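Once you've had a glance at the structure underneath, I'll fire off some questions.
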Amino acid sequence: MEQILVNGLYLGAQYALIALGLTLIFSLMNVLNFAHGQMYVLGGFVTYTIVSQLGLPFIVGLIGSAVTLAVVGAMIEKFLFRPVIRRSHREESTMLLAAGIAFFLDAVILLLFGEKQRGVPKIINGVFNWDFRIIMPYDRILIGVLAIAMIAAFILFMQYSRAGRAMRALAQDRVAAQLMGVDVDRYSMIGFALGAMLAGLVGGLLVTITGVNLGMGGPTSIKAFMMIMIGGAGVISGAIAGGFILGMMESIGLTVLAAYGDITYLVIFASLMVFLAIRPQGLMGKPWG
Amino acid sequence: MTAMLSFENVELYYDHVYALKGVSIEMQEGETVALIGANGAGKSSILRAITGLRKIHSGEIRYMGERLDGTPAAEIVRRGIAMVPEGRRVFPYMSVKDNLLMGAFTRTDKADIARTLDSVLTRFPRLKERFGQSAGTLSGGEQQMMVIGRALMARPRLLLLDEPSLGIAPKLVQDIARSIVAISRDEKVTVLLVEQNSRMALSISNRAYAMSTGSVVLSGNSRDLITDDRIKAAYLGGDV
Amino acid sequence: MTPILEVKGVTKRFGGLTANDDISFDVAEGEILSVIGPNGAGKSTLFKLIASFLKTTSGEVRFKGRVISDLAPHKVARMGVVRTFQETTIFRSMTVRENVIVAHHLRSKASLLGFFLGTRQARADEAEFGASADDIIAFLGLQPIAEELASNLPQGHLRALSMAIGLATDPKVLLLDEPFAGMNHDETMRMVALVRRLRDERGVTVLLVEHDMPAVMKISDRIVVINFGQKIAEGTPAEIQANEKVIEAYLGSEDAAIGI
Amino acid sequence: MSTSTRLAGVAAFLLAVFVLVPWAIAASGRWDFYYTLTSVALLSIASAGVWLTFYIGRINIGQGAYALVGGYVSAILMTKAGFSFWLTLPLAGLFCAGLSVLIGLPILRLRGVYFAMVTLVLTEVARLSALALPVTNGAKGITSIPLPGEVSLFGLTLIPDFATLANPKLAFYLVAALLMVLCFAALYRIVNSRLGHLCRSLQQNEELSASIGVNTAYLRVLAYSISSFFGGIAGAMFVAISQSIYPSSFQVADSVNFMLNCFLGGLGYVFGPMLGTLLLYFGWDLLFTTGRFQLLIYSSLLIVLMLVLPNGILSLLDRKGGRR
Amino acid sequence: MKRRTMLRATALAAVASLAFSGLAHAENPVLKIGFVGVTSGPAAAWGTSNQRSMETRAAWINETGGVEIGGTVYDVEIVAFDDQKDPKRAIAGMEKMAQDGIHYVVGPNVDDGAAAVRPVAEQNGIIYFPYAFPKELYTPPASNAVLGMVANYQSGPAIYKYLIENHGIKKVAFVAANESDPLSQRDGGVAAAKELGLEMVSDSVTYQVDTTDFTPVLLPVIQTQPDLLVLSGVSPANAPQLIRSARELGYTGLISTETAQDAGVLQEGAGELADGFISVGGASTPELASDMMREFVDRYVAMFGEYNDESNTKVYALEYILETLKANPAAIEDVEAFKTTMDTFEAPNPFMVGDAKLTYVGMTSFGQKRQLSVPLVVNEFRGGAFETLFVAQVD
């Protein structure tokens, strides 16, 4: 039992971090970023290149991923989403754009990094073993703790920094934020960059454990969508809750339902649909704009 | 003396519908000016044009002698123009504190901001009681006070108020009216007030413009207008 | 004569907030009744409850003696209680005429499949709707803009269009939400005349929510005043204008406003 | 557009599809285009379904689920119950329509991205169900499905047995094209009849729709079930061509593509999904020669197209002073 | 603008095709061999190793003057089609091959694609070499598909038998991804293991391919304490993570798979935790590789920068096609001739030391010779490279 909870917690932390970026972009721009998973994969490959190919320390890799993805995110917002949002009649049009970007990043990743699975060496060896009740390798503990620390840092940033306040304001009421002197274009870009950066950071963190390959993008996006649906799209607390809930569901489901064969995910998906039918706005509703 | 704010023959339309048809108005520093008229007469469009939310299509807006139209919205706030938007538009999931701090977004001196925050809280003691609460849980009147306070946080020279009495219980409307008078007096702030409650607007302003379908139809001292028969008939709901 | 519409002890709560608190009144057939009160007093909620877009927390609404407050909104509309919307709620990317024709839905005798197949009945319906739409458009003086896209119309026309949509459903009771908002004096007076004609010529009972006091006083047979979700007064325009409670809560006493 | 020009347009289109294309293929010897065009026809049917849900204001990324279900229904009926393919085709559509009523009743209450994301999950649910259910033969899929058989009436052969044909490609193309023409004719009819007006009213303002007496819940489910019907027959037809079906025959990527087809063609135009499918599918095929840069070029073109024509390709017509 | 984009597309296509025709611009007539498989998306590694091994070998042949078949010297051109792992696209690819007059196609890489292209291949006279295991593709009446590698139901029993004899394993557990190919392979493996008398302790646990933490997946499996954990049809991407999670959970038994893996990927993803991992590989291990295999690897690296161990077996398909054509030049235009030749065909295997032969096999499994005789090399991963445990032959 303890093992299941710890697994769920570890999974939840990384999921929540992925969902945070997606929900931030959604809340600011009303864009469902189909390319989020690809950004995550790109982050993984950047860290891989820096750590495994160039032989630099892991932390440099992480920073490299964060910076690269922030720049990529900013570019995507400025040159792609902004003009399209401005000119399209229906806001769903951004979905085509997002999907196009997802394909594009897939292609770029394939050309730059190849088709193989990549990984970086373990950053710490050893396994924490509490009497076989909880078994957790130290590197996972580290990554889990780092992920939770990043979530906390993100919350603090959004809560107490000037830029964070500006983005929250923007998400809740675009016009009012503009009236407060918030440069809407600039902060939309910062928000998108931040969201992309979070995706890149998770990619960088997880490359030490799961490795990275170019196929992880699409499924990651779908999982992230599920998390923000569970929690309520566009809400920070919802994304975190959604991440941890999905993590726990996987952990518990895989253990409890394993005996029944291949149905864990079927059950998870089906219960998600039932849940949304009952509570369409997710757990936390959609309070921001 | 040059006007603090002036509109010269300003035209503005949404899609193909005119919102302002060649409007010219003027305000002097320290005045309180009211814009009255029916919904859709163009009052709010004037405010949107000043704050840069809408681009004007012809004419000129000048502020402190300089061209204002075409300036980015953020820069306009920095120049000392703050607006209390229609329907309040609080940031409902932010605390009262964060809402107020958003008002000072363009300012950087932290100590200075803290001083302004103090003075706003002194002016609206209710906000102090609700300081940590999220703004969405406030009553309509409290929200209205908060957004006025939020605008003051920018330490504006020109304060724009868009329908501050909308959806507010009559008693509170009077409180708000008193606050507006007090603010213009204490802070030496110039006020441009858009109101449907024409009686209130005329009673607390120095001058007023009456608007109809995108044009100014009447202007003058508020005291004179309030007794004007045309105004009475059209806006004050006398005998019909 | 039995009232066409009875509002009986209607209460609506949203979470902790009580939007309507035990409101009761009757509407006689052919009457024009205004509901007034400050913004946020619960007038719009009341309209939604009457048209069954919201379900009452307690109390009921009866139409011709039959409870309608637990029916689906489209069923209430079919019975003849039709609500028009505040401001610009129309089908924006249809032309004026299309808007009005679509609104004839209630009157169609053919089934949807019939329309798909283009049966004789469907064609007859279509022809009838077209004629009726033209009729309504003429009635409201909208002929010059009949082929304009609704999203291109100025506000005054939108209001008329929203009225036309309401009329197309052939209502017994029409709920008008702020029909005069944003109109200048002349427009308001024309609209007042129009609503009167609606009642006189088509026998429609009209309920309206409005802020424009002169218009309300002119048009209404009776007025219901709501404040903070509660009914505080009911009566003829003259009675309401003289009612102390109403003056205090809504109309405001002159001294209070000027004497700051 | 007057009736005569419209009729001329329809005639020209039919002529192009049923005469010009076979002639051009025979002349150029590009027999592989038959399959490409057959795919385009079938995928555009599924996309047409998605388009219809857009028409009532719902973003549908779950059409792949119905295509898969339709395919399985046809495959199972043919292999296990010995039904004729021609009978399974409508049955597959109807089964999907029925299923979509059950699924649609709860989820159609959702709007915006929530509906979109739920439908996205739906495709995955269909795949996992196909893997888990015994009737679908699980992971091993259903293979060696017979080609469509003969249909005869009073001894008169209406449709020959495909297995005896020298060129089943042409036959499949003709059937798919015919289906496409029928589906789009139906769609056009829906859009331009009262039903379409009501759908549009739903798309623009569900509350107002209800207030003029439209049974919005019923209409939503109706539109969704027609949409799923299209998905089902497209899936069933594909099974007949590949003579096999696997849980992965239609997947999330397909659902996303169906949606993209609609966007690309233009959400405001009945024939948008057809054009969108043609361009997206053919585009990929044409870029075949670019080798490893295929995906890069393809996605770049998609992005450029989106930047230039955010409202779909058919919005070009508008700008030239078309109807609006 | 539409026209501009069209122009752009056409221009690009033109440039690209120029570039490609430049590759094979020699005067020799060209023999086109097709490839239809997945070279993008999640499973890109499978098809890419196919395509690259073919292109490497083709370039090599062309460089050394081409291949002589029936007195004519041909240059070999590889025509590759990315089916994106979509069976519908795979059909389009096969149609394209037919259009190009190609009769020999390598691929597709997965079950559904291989099944979907069957009607097209049979109608157009194409022999194709899928990397997919369903038996009905290779058993009569099907006759155009030739299995390009050793199937799991062939390698599995060999591996289990070896492990029973050498490690005394008794209890076995299976884990597979929740997708068609791995699940089918699991079912095959489970049947084979039961037949060998092994005790099945867990055979129902599956995972999503996008899993980022396999601990919850493996936990119930490890708790059954198997001696052998079989990762059925595991993709190179998932293998290192599964191994790592199993080891970190304290599992000390054996781990094996019947699919080919890449040593580099295992080393990067699991490091020394992967030591002892048993998988099926090709013939590039030092004990088996001929000089030609070593040169092939060198050329592959020179062309594509990095070798992929999966390519070991995948280079065989092209070699088989060319050698069979040499043996019966009539087969260039006539696949029936190819089929008859298959029954008797034999040629030396240039990639292996010793006197290994290229032959077609499969009588036992399929009742007809519809499988390449690829050496069944069972490897053990140790210290970043594969070591050969034993070598066997199918049939």
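The values are calculated or read from the model by the stated rules, or taken from the named source; none is laboratory data. This is a predicted model, so every value here is computed, not measured. Note: ideal-geometry Cβ built from the backbone for every residue, glycine included; neighbour counts use all protein chains shown.
E:Leu229: of a type in the set (A, V, I, L, M), more than 11 Å from chain A (Cβ to nearest Cβ), in contact with a helix residue (DSSP H, G or I) (Cβ under 7 Å, 6 or more places away or on another chain) and farther than 23 Å from A:Lys116 by Cα, yes or no?
Considered against the rule, which asks whether it is of a type in the set (A, V, I, L, M), more than 11 Å from chain A (Cβ to nearest Cβ), in contact with a helix residue (DSSP H, G or I) (Cβ under 7 Å, 6 or more places away or on another chain) and farther than 23 Å from A:Lys116 by Cα, E:Leu229 comes out as yes.
Before we move on, is E:Leu376 surrounded by 19 or more Cβ atoms within 10 Å (Cβ to Cβ), touching a Phe, Trp or Tyr at 6+ places or on another chain (Cβ under 9 Å) and farther than 26 Å from E:Lys32 by Cβ?
yes
Now, a different point. Any residue at all in the stretch C:29-41 that is among the hydroxyl-bearing types (Ser, Thr, Tyr), in a strand (DSSP E or B), assigned by TED's automatic domain parsing to the domain that holds C:Arg202 and crowded, with 23+ Cβ neighbours inside 10 Å? Working first, answer last.
Looking only at the stretch C:29-41, we keep the residues that are among the hydroxyl-bearing types (Ser, Thr, Tyr), and these are C:34.
Okay, now just the ones that are also in a strand (DSSP E or B), so C:34.
In the following step, the residues that additionally are assigned by TED's automatic domain parsing to the domain that holds C:Arg202 were identified as C:34.
Now drop any that are not crowded, with 23+ Cβ neighbours inside 10 Å, which leaves C:34.
Taking every residue of the stretch C:29-41 in turn, at least one turns out to be among the hydroxyl-bearing types (Ser, Thr, Tyr), in a strand (DSSP E or B), assigned by TED's automatic domain parsing to the domain that holds C:Arg202 and crowded, with 23+ Cβ neighbours inside 10 Å.
Moving on to the next point. In the set A:Ile59, A:Ile85, A:Ile50, A:Ile63, which member is hydrophobic (A, V, I, L, M, F, W, C), within 13 Å of chain D (Cβ to nearest Cβ) and in a helix (DSSP H, G or I)? Give the derivation first.
On the way: A:Ile59 fails: within 13 Å of chain D (Cβ to nearest Cβ); A:Ile50 fails: within 13 Å of chain D (Cβ to nearest Cβ); A:Ile63 fails: within 13 Å of chain D (Cβ to nearest Cβ).
After ruling out the rest, the residue left standing is A:Ile85.
While we're looking at this one, here's another question. Is there a residue being more than 28 Å from D:Tyr188 (Cβ to Cβ), assigned to a loop (DSSP other than H, G, I, E, B) and not charged (D, E, K, R) anywhere in the stretch D:115-134?
Yes, the stretch D:115-134 contains a residue that is more than 28 Å from D:Tyr188 (Cβ to Cβ), assigned to a loop (DSSP other than H, G, I, E, B) and not charged (D, E, K, R).
Report yes if some residue within the stretch C:197-207 is modelled with pLDDT of 90 or more, among the β-branched types (Val, Ile, Thr) and either touching a Cys at 6+ places or on another chain (Cβ under 9 Å) or not in a strand (DSSP E or B) (or both); otherwise report no.
Among the residues of the stretch C:197-207, at least one is modelled with pLDDT of 90 or more, among the β-branched types (Val, Ile, Thr) and either touching a Cys at 6+ places or on another chain (Cβ under 9 Å) or not in a strand (DSSP E or B) (or both), which makes the answer yes.
Let me ask something else. Filter the stretch D:97-126 down to residues that are within 7 Å of chain A (Cβ to nearest Cβ) and at positive phi, then give me how many there are.
Qualifying residue count for the region: 0.
Here's another thing I want to ask about it. For the stretch E:181-200, indicate whether the set of residues that are part of a loop (DSSP other than H, G, I, E, B) and in contact with a Pro (Cβ under 7 Å, 6 or more places away or on another chain) is non-empty.
yes
Can you tell me how many residues within the stretch D:135-185 are aliphatic (A, V, I, L, M) and in a strand (DSSP E or B)?
To start, the set of residues in the stretch D:135-185 that are aliphatic (A, V, I, L, M) comprises D:135, D:139, D:142, D:145, D:147, D:151, D:153, D:156, D:158-159, D:163, D:165-166, D:170-171, D:174-182, D:185.
Filter again for in a strand (DSSP E or B), leaving D:142, D:151, D:153, D:156, D:158-159.
Total satisfying the criteria: 6.
Continuing with the same structure: Among residues belonging to the stretch E:263-282 that are assigned to a loop (DSSP other than H, G, I, E, B) and either in the same structural domain as E:Asn166 (by TED's automatic domain parsing) or over 22 Å from the mean Cα position of the chain (by Cα) (or both), point out the one that is nearest to A:Ile124 (Cα to Cα).
So, considering only residues that are assigned to a loop (DSSP other than H, G, I, E, B) and either in the same structural domain as E:Asn166 (by TED's automatic domain parsing) or over 22 Å from the mean Cα position of the chain (by Cα) (or both), the one nearest to A:Ile124 (Cα to Cα) is E:Asp275.
When the stretch D:283-314 is examined, which residues are found to be more than 10 Å from chain A (Cβ to nearest Cβ) and either farther than 19 Å from E:Ala80 by Cβ or in a loop (DSSP other than H, G, I, E, B) (or both)?
Across the stretch D:283-314, the qualifying residues are D:Ile313, D:Leu314.
Follow-up question, since we're still on this one. Go through the stretch C:211-260 and tell me which helices (runs of 4 or more DSSP H), entirely inside it, have 1 or more residues that are modelled with pLDDT of 80 or more, within 7 Å of chain B (Cβ to nearest Cβ) and closer than 28 Å to C:Ala193 by Cα.
Result: C:213-219.
Output the residue which, of all residues in the stretch B:66-114 that are closer than 24 Å to B:Ser44 by Cβ, of a type in the set (Gly, Ala, Ser) and in contact with a Phe, Trp or Tyr (Cβ under 9 Å, 6 or more places away or on another chain), is farthest from the other protein chains (Cβ to nearest Cβ).
B:Gly80
Looking at A:Leu276, A:Leu283, can you tell me which residue is in contact with a helix residue (DSSP H, G or I) (Cβ under 9 Å, 6 or more places away or on another chain) and facing chain D (nearest Cβ under 10 Å)? Break it down stepwise before answering.
Numbers: A:Leu283 fails: facing chain D (nearest Cβ under 10 Å).
That would be A:Leu276, the only listed residue that is in contact with a helix residue (DSSP H, G or I) (Cβ under 9 Å, 6 or more places away or on another chain) and facing chain D (nearest Cβ under 10 Å).
Further question on the same structure: Could we say that E:Val391 is in contact (Cβ under 8 Å) with a residue 60 or more places away in the chain, surrounded by 14 or more Cβ atoms within 10 Å (Cβ to Cβ) and not assigned by TED's automatic domain parsing to the domain that holds E:Gly71 here?
yes
Quick one: C:Lys109 ticks every box in (1) under 17 Å from D:Ser201 (Cβ atoms); (2) surrounded by fewer than 19 Cβ atoms within 10 Å (Cβ to Cβ) except a single one, so which number is it?
(1)
Just checking, how many residues over the stretch D:125-137 are without any contact (Cβ under 8 Å) to a residue 40 or more places away in the chain and over 15 Å from D:Gly64 (Cβ atoms)?
Matching residues across the stretch D:125-137 total 4.
Look through E:Val280, E:Val265 and report the one residue that is in contact with a strand residue (DSSP E or B) (Cβ under 7 Å, 6 or more places away or on another chain), hydrophobic (A, V, I, L, M, F, W, C) and closer than 25 Å to E:Gln208 by Cα.
The conditions single out E:Val280.
Something else now. State all residues of the stretch E:114-146 that are over 18 Å from the mean Cα position of the chain (by Cα), assigned to a loop (DSSP other than H, G, I, E, B) and either outside the structural domain of E:Gln99 (by TED's automatic domain parsing) or aliphatic (A, V, I, L, M) (or both); if no residue qualifies, say none.
Within the stretch E:114-146, E:Ile126, E:Ala142 qualify.
Tell me whether the stretch C:145-160 contains one or more residues that are under 21 Å from C:Glu201 (Cα atoms) and either within 17 Å of the chain's Cα centre (by Cα) or modelled with pLDDT of 85 or more (or both). Before you say what the answer is, go through the steps one by one.
Going residue by residue through the stretch C:145-160, those that are under 21 Å from C:Glu201 (Cα atoms) are C:159-160.
The next check asks that each one be either within 17 Å of the chain's Cα centre (by Cα) or modelled with pLDDT of 85 or more (or both); those that pass are C:159-160.
The answer is yes; a qualifying residue exists.
Would you mind stating whether E:Glu319 is in contact (Cβ under 8 Å) with a residue 60 or more places away in the chain and either part of a helix (DSSP H, G or I) or among the polar types (S, T, N, Q) (or both)?
Values: in contact (Cβ under 8 Å) with a residue 60 or more places away in the chain: yes; either part of a helix (DSSP H, G or I) or among the polar types (S, T, N, Q) (or both): yes.
For E:Glu319, the condition - in contact (Cβ under 8 Å) with a residue 60 or more places away in the chain and either part of a helix (DSSP H, G or I) or among the polar types (S, T, N, Q) (or both) - is met.
Only one of these is at pLDDT below 85, part of a loop (DSSP other than H, G, I, E, B) and either under 28 Å from E:Pro236 (Cβ atoms) or of a type in the set (S, T, N, Q) (or both): E:Ser40, E:Ser17, E:Ser21. Name it.
Numbers: E:Ser17 fails: part of a loop (DSSP other than H, G, I, E, B); E:Ser21 fails: part of a loop (DSSP other than H, G, I, E, B).
The match here is E:Ser40.
Pick out the one residue from D:Gly62, D:Gly138, D:Gly112, D:Gly98 that is within 18 Å of the chain's Cα centre (by Cα), surrounded by fewer than 21 Cβ atoms within 10 Å (Cβ to Cβ) and either over 18 Å from D:Ala253 (Cβ atoms) or modelled with pLDDT under 95 (or both).
Going through D:Gly62, D:Gly138, D:Gly112, D:Gly98 in turn, the sole match is D:Gly98.
Related question: When you look at D:Leu275, is it more than 14 Å from chain E (Cβ to nearest Cβ), free of Cβ contacts under 8 Å to residues at least 60 places away in the same chain and of a type in the set (A, V, I, L, M), yes or no?
No, not satisfied.
Which of the helices (runs of 4 or more DSSP H) contained wholly in the stretch B:131-217 include at least 2 residues that are in contact with a Phe, Trp or Tyr (Cβ under 6 Å, 6 or more places away or on another chain)?
B:140-152
With B:Ile168, B:Ile204, B:Ile148 as the choices, which residue is at pLDDT 90 or above and within 14 Å of chain C (Cβ to nearest Cβ)?
Numbers: B:Ile168 fails: at pLDDT 90 or above; B:Ile148 fails: within 14 Å of chain C (Cβ to nearest Cβ).
Of B:Ile168, B:Ile204, B:Ile148, the one residue that is at pLDDT 90 or above and within 14 Å of chain C (Cβ to nearest Cβ) is B:Ile204.
Taking the stretch E:246-265 only, how many residues are at pLDDT below 90 and more than 8 Å from every other protein chain (Cβ to nearest Cβ)?
Matching residues across the stretch E:246-265 total 5.
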